[in-house]
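Before any comments, here is the structure.
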Amino acid sequence: MRRHASAPRAGWEETVSGQGLLWHHDDGSSPYWDESVCYELSAGEVARLELTAGELHGLYIDTTERVIRDKRWKDLMIPDDHVPLLVKSWEEEEFTLYGRFDMVFDVYGQPKLLEYNADTPTALLEAAVIQWYWLKDVRPESDQFNALHESLVAAWQRFGARAVHFASIADAWEDEMTVAYLEETCRQAGSDTVRMPLPAIGWDDDLQHFIDEQDRIMETCFKLYPWEWMLKDQFARHIRAGKCRFLEPPWKVLWSSKAMLALLWEYHLEHPALLQCYRDPGLLGDTYVKKPVYSREGANVEIRRAGQVEASETGPYGAEGFIYQELAGNEAIDGHWPVLGVWMVDGEPAGLGIREDRKRITGNRSRFVPHYVPR
């Protein structure tokens, strides 16, 4: 994988804004979408990422079956009263639309899993649309690991919902852009859609159903809001009634837990894409990465090397505990640390988005950089 300088397109801000990427600068200064550089991947590297993502999906399925069989709920910090909903959701094979494996290549070219953004992944519009049009404008002779748009439309068609409500937190740029794009793919699949702020979701005691702002019954709801928060909400008892299909489904709270990384290693330690991971830091010596069981955008992550803190990020997470993961054997490229986000749609690898930073911990201000694959 190589990193190249690339001349930004004239008027690129207006171009990407017109394609839906309204938040393309960090605080109005540094670019979040950065087309002054790009990454070149070989066809072989893309094939390894696709193969690894497919295998990891299978490992997550197998590990979930073992969690349920062995009742490993405490290892995942799952309260007892949540278990029936999660088991029901899993056993009924409730539909999952998408997720994102975050990986790096080690020095031998082996993809290594850092974590799985399984419940509320963002940066989808950038991966599916913005970098695709960049490719057509800048490197039309090349390919890209990107079948996201058509995969999402096909997934919605297979799901077959007549109408879908889309809910997110207002004034959260990343969330709103992601939800707006997913709503568009759902419309293209032939479903009716309704956008609404997440706090406006209501409950009708007479109907015993969730309703929207116009008192319409919500049969299906895509919500960009973490399940570990939803299950603590006062409305959680109504979710258990099962009258509204949610995307992502309740069982995704298992996959979004970083404690799954420790169970993956326990059950599948022979797999080359997995990093050693434990709940006990002593099993990794004095060099490891400390991660909250639930967190986002690198918050509360700490890297220790030889017993010293090499890098860390602050944040509000960590109440559920931490996992301790082997430090991946990747290297910086031109002083930047790229993370390879391989998108899964309807259980299949569908595309790649790359974010990079001069810091080793990828955060909410890390840049999105396009990629291409020479033909």
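Numbers below:
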{"quantity": "Any hit, segment 290-299, residues being outside the structural domain of V67 (by TED's automatic domain parsing), on the phi < 0 side of the Ramachandran plot and over 22 Å from the mean Cα position of the chain (by Cα)", "calculated": "no"}
{"quantity": "Any hit, segment 305-312, residues being surrounded by fewer than 16 Cβ atoms within 10 Å (Cβ to Cβ), closer than 24 Å to K232 by Cβ, polar (S, T, N, Q) and not assigned by TED's automatic domain parsing to the domain that holds I68", "calculated": "no"}
{"quantity": "Residue tally, condition assigned to a helix (DSSP H, G or I) and either surrounded by fewer than 18 Cβ atoms within 10 Å (Cβ to Cβ) or in the same structural domain as D119 (by TED's automatic domain parsing) (or both), over segment 269-288", "calculated": "3"}
{"quantity": "All positions within segment 179-194 that are surrounded by fewer than 22 Cβ atoms within 10 Å (Cβ to Cβ), touching a strand residue (DSSP E or B) at 6+ places or on another chain (Cβ under 8 Å) and closer than 21 Å to V16 by Cα", "calculated": "A180, E183"}
{"quantity": "Any hit, segment 294-304, residues being in contact (Cβ under 8 Å) with a residue 12 or more places away in the chain, part of a strand (DSSP E or B), aromatic (F, W, Y) and more than 19 Å from R365 (Cβ to Cβ)", "calculated": "no"}
{"quantity": "Residue within segment 329-336 that is of a type outside the set (F, W, Y), buried (at least 21 other Cβ atoms within 10 Å of the Cβ) and within 21 Å of the chain's Cα centre (by Cα) present", "calculated": "no"}
{"quantity": "Only one of F101, F166 that is over 24 Å from A53 (Cα atoms), modelled with pLDDT of 95 or more and surrounded by 20 or more Cβ atoms within 10 Å (Cβ to Cβ)", "calculated": "F166"}
{"quantity": "Some residue of segment 336-356 being part of a loop (DSSP other than H, G, I, E, B), over 23 Å from W23 (Cα atoms) and without any contact (Cβ under 8 Å) to a residue 40 or more places away in the chain", "calculated": "no"}
{"quantity": "Candidate set: segment 10-57, residues that are among the small types (G, A, S) and touching a strand residue (DSSP E or B) at 6+ places or on another chain (Cβ under 9 Å); chosen: the one farthest from P374 (Cα to Cα)", "calculated": "S30"}
{"quantity": "Scope segment 169-179; condition modelled with pLDDT of 85 or more and hydrophobic (A, V, I, L, M, F, W, C); matching residues", "calculated": "I169, M177, V179"}
{"quantity": "Any hit, segment 132-154, residues being touching a His at 6+ places or on another chain (Cβ under 8 Å), part of a loop (DSSP other than H, G, I, E, B) and either buried (at least 21 other Cβ atoms within 10 Å of the Cβ) or in the same structural domain as C244 (by TED's automatic domain parsing) (or both)", "calculated": "yes"}
{"quantity": "Qualifying residue in segment 353-369 (condition: over 19 Å from the mean Cα position of the chain (by Cα), in the same structural domain as V129 (by TED's automatic domain parsing) and closer than 30 Å to Y133 by Cβ)", "calculated": "yes"}
{"quantity": "Unique residue being over 22 Å from the mean Cα position of the chain (by Cα), modelled with pLDDT under 95, not assigned by TED's automatic domain parsing to the domain that holds A299 and not aromatic (F, W, Y) when the list is L198, L207", "calculated": "L207"}
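The values are calculated or read from the model by the stated rules, or taken from the named source; none is laboratory data. All figures in this text were calculated on a predicted structure; none of them were measured in a lab. A quick note on method: Cβ atoms are made from the backbone with ideal geometry, for glycine too, and the neighbour counts reach across all protein chains shown.
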